[in-house]
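J.: Let me begin by handing over the structure; questions about it come next.
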Amino acid sequence: MRRPWLTAGLAALCVAVGVPAHAGASGATAPRTVTTAALPIVDMEATVLAAQIDPRRADDTLTPGAKASVLAVEQALQAQGLLNAQWVDGYFGTVTVSAYAAYQRSLGYTGLAANGLPGTTSLTKLGRNRYTVVNTIGPGAKVARDGYVVNARTQAMLAEAQRLLGQTLVLEQGSYNPGGDPTSAGTHDGGGVVDIAVTGLTATRRTAVVRALRRVGFAAWVRDPSQGDWPWHIHAVAISDTDLSSQAQHQSGDYHLGLNGLANRGPDDGPQIPIQTWEQYQRG
């Protein structure tokens, strides 16, 4: 039988030596579970998409599903001293693109690696101890196709479009082609952009090709000589390719806004289908 005065004394002693009052006489206590707050999640797919669309908007409308991710990235850029607080708003506009490009340059990146579109490595480094990156995407290695250079992601997208069409698509211009055709206005300087030959195709078949390309994740249009100093062809931009040149980024953003991807920013003249990326298409 434990005497009341002994119980009270033991409790006092526990307080004095810092042992929890519920511990036994030996000072042992039951193990405690320490809960660490989970880091915010940054969805790379949504973030890259916002970085293409938001700079082309006429207002500050946010890209659906991207706000939380973009906000976490902007907060990290602010912590790096690269973005003022007024721009930390979940809108990946031109100021945020410039800030992200500055961060990429601070890592020693140049050229396409510092184009302002988040890449997996830079996005992960920026978020160390601040957020966790999910749904990572990337262009993959450069490969040859029809005598031109494309990346693995673009190649896979073209292969799937061919499967849907039941025909081979032949390139007239590839990617990573700086200083190439001047009528392309820099869109082919980076990855994810190709021109496809339409020789011998009817208008109906040309439209079918554009529809298949759009279905697998390209922003694609039939181009005709009346629009510029070029022959008939199909111009296609792989949405969310992180190697896109700034000009191609603008075309991808304009496509999402219902525009034609040309300098006049006219209405989209292609077949209307739900817009999706290659990754979204793969998920079904």
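The values are calculated or read from the model by the stated rules, or taken from the named source; none is laboratory data. What you are looking at is a predicted structure, and each value in this text was computed from that prediction instead of being measured. Every residue, glycine among them, receives a Cβ derived from its backbone with ideal geometry; neighbour counts consider all protein chains shown.
J.: Can you tell me which residue within segment 229-252, out of those that are small (Gly, Ala, Ser) and either without any contact (Cβ under 8 Å) to a residue 60 or more places away in the chain or touching a helix residue (DSSP H, G or I) at 6+ places or on another chain (Cβ under 6 Å) (or both), is surrounded by the fewest Cβ atoms within 10 Å (Cβ to Cβ)?
T.: My answer is SER240.
J.: Can you confirm whether segment 102-109 contains a residue that is under 23 Å from ASN151 (Cα atoms) and surrounded by 15 or more Cβ atoms within 10 Å (Cβ to Cβ)?
T.: So far as segment 102-109 goes, yes, one or more of its residues are under 23 Å from ASN151 (Cα atoms) and surrounded by 15 or more Cβ atoms within 10 Å (Cβ to Cβ).
J.: Looking only at segment 117-137, decide whether some residue is surrounded by 17 or more Cβ atoms within 10 Å (Cβ to Cβ), within 30 Å of GLY174 (Cβ to Cβ), among the hydrophobic types (A, V, I, L, M, F, W, C) and modelled with pLDDT under 95.
T.: Scanning segment 117-137, I find no residue that is surrounded by 17 or more Cβ atoms within 10 Å (Cβ to Cβ), within 30 Å of GLY174 (Cβ to Cβ), among the hydrophobic types (A, V, I, L, M, F, W, C) and modelled with pLDDT under 95, so the answer is no.
J.: Moving on to the next point. Taking the conditions exactly as written (surrounded by fewer than 21 Cβ atoms within 10 Å (Cβ to Cβ), among the aromatic types (Phe, Trp, Tyr) and touching a residue at least 12 places away in the same chain (Cβ under 8 Å)), does TYR255 satisfy them or not?
T.: Answer is no for this residue.
J.: Then there is this: Residues in segment 200-218: is at least one under 18 Å from PRO271 (Cβ atoms), in contact with a Ser or Thr (Cβ under 6 Å, 6 or more places away or on another chain) and in contact (Cβ under 8 Å) with a residue 60 or more places away in the chain?
T.: Yes, that holds for at least one residue.
J.: Could you check ASP60 against (1) among the charged types (D, E, K, R); (2) modelled with pLDDT of 95 or more; (3) surrounded by fewer than 21 Cβ atoms within 10 Å (Cβ to Cβ) and say which number it fails?
T.: Checking ASP60 against (1) among the charged types (D, E, K, R); (2) modelled with pLDDT of 95 or more; (3) surrounded by fewer than 21 Cβ atoms within 10 Å (Cβ to Cβ), the one that fails is (2).
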